[in-house]
Amino acid sequence: MKKRYSEEQIIGFLREADAGLPVKDLCRRHGFCEASYYQWRSRFGGMSVSEAKRLKELEAENTRLKKLLAVSMLEMEVTREALRKKW
């Protein structure tokens, strides 16, 4: 699923709201719902663009490491099962 707005755009929207623009007007102007705004605010509120990029990189690395851990644990379990059957 392709995201409609980049992190930079989202942070820009949040800054506009912080500057005093009412949320309803902001949502109407840029074409997203209020629920999206509040979800973005909970995730990106108070971040700069560089911090958001770093967060995205860390999430990608975390996902990769979790996959590696799952593969490693599966290999260990297969090895244990093979050793149990030998005895």
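Would you say Glu57 is more than 16 Å from Glu8 (Cα to Cα), among the acidic types (Asp, Glu) and exposed (fewer than 11 other Cβ atoms within 10 Å of the Cβ)?
No, not satisfied.
From the list Ser36, Ser6, exactly one residue is among the small types (Gly, Ala, Ser), surrounded by fewer than 14 Cβ atoms within 10 Å (Cβ to Cβ) and at pLDDT below 95. Which is it?
Ser6
The values are calculated or read from the model by the stated rules, or taken from the named source; none is laboratory data. All values reported here derive from a predicted model rather than from experimental measurement. Methodologically, a virtual Cβ is constructed for each residue, glycine included, from the backbone with ideal geometry; neighbour enumeration extends over all protein chains shown.
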